[in-house]
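Enquirer: Mind looking over this structure? Questions follow.
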Amino acid sequence: MAPWIFSDDSVAKTVLISLMACLYAGSVVISNHLLFPWAEDESFRYWFHPAAGARLLLIMLFGISAVVAVGVGSAAIYISPIVPQVDEYGPALLLGFVESFGIFFALLIYGKLTRMKFPWSGITWQHIPFIAVFANVVVSLLSNLCRIILDLSDPQKFQRDVSLTLTGDILGSIFFLFVLFFIRKSYLAYTPN
């Protein structure tokens with residue numbers, strides 16, 4: 001029997017979404033400000049961003065519930081003092097949900113192309129780099145276009161912004177997912193049958 005938090009109960013779903021939003025926002029703060037502050041190139045753009053892997057993993061595991069959670073968690077980060085360019089709730093929510101829905105739709109397309117379906121039970125370590133690259137290309141393009149539309153970024157720097165975001169998200173996602181994959185593999189290897 002599944003734990004209550006994974007049930008169809010509306011309170012359980014709300015609690016799960018809230019926990020995932022806090023988990024994602026916390027992973028961004030820990031990654032960007034505690035573990036890898038040296039990777040910041042300019043305001044909130046990182047050459048190495050493992051929190052992108054947490055975002056990808058949450059959406060891969062929990063689907064649309066994680067899309068809502070990551071959108072809310074991203075919006076909370078955008079509206080916080082960490083990102084001084086965003087000072088209104090509307091643009092923060094839009095940016096957060098562009099990122100989370102971008103990953104969701106990229107995963108749907110990847111699933112159609114590879115004939116894999118949620119909950120990704122047939123995934124192997126060879127899929128990890130392809131999923132990370134494909135999902136983060138989509139998110140990088142969409143989020144940087146959204147920033148230009150919201151007048152938060154210079155259109156002249158679009159190519160640089162996309163490549164910087166893409167590099168940080170891909171490197172961070174691959175690192176994060178490979179670490180989790182090998183932790184799981186090690187756990188299974190040392191677990192008695």
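Enquirer: I'd like the full set of residues that are under 12 Å from the mean Cα position of the chain (by Cα) and open to solvent by less than 50 Å² (accessible area, probe 1.4 Å), limited to the range 88-102.
Expert: 96, 98, 99, 100, 102
Enquirer: Report the residue count in the range 104-152 for those that are free of Cβ contacts under 8 Å to residues at least 60 places away in the same chain, of a type in the set (S, T, N, Q) and open to solvent by less than 60 Å² (accessible area, probe 1.4 Å).
Expert: 5
Enquirer: Shifting gears a bit: Among the residues of the range 153-183, which ones are open to solvent by 60 Å² or more (accessible area, probe 1.4 Å), within 17 Å of residue 56 (Cα to Cα) and not hydrophobic (A, V, I, L, M, F, W, C)?
Expert: none
The values are calculated or read from the model by the stated rules, or taken from the named source; none is laboratory data. Since we're looking at a predicted model, the values are computed, not measured. Virtual Cβ from ideal backbone geometry, glycine too; neighbours counted across all protein chains shown. Keep in mind that these areas ignore ligands, DNA and RNA; they rest on the heavy atoms of the full protein, side chains included. Shrake-Rupley method; radii C 1.70, N 1.55, O 1.52, S 1.80 Å.
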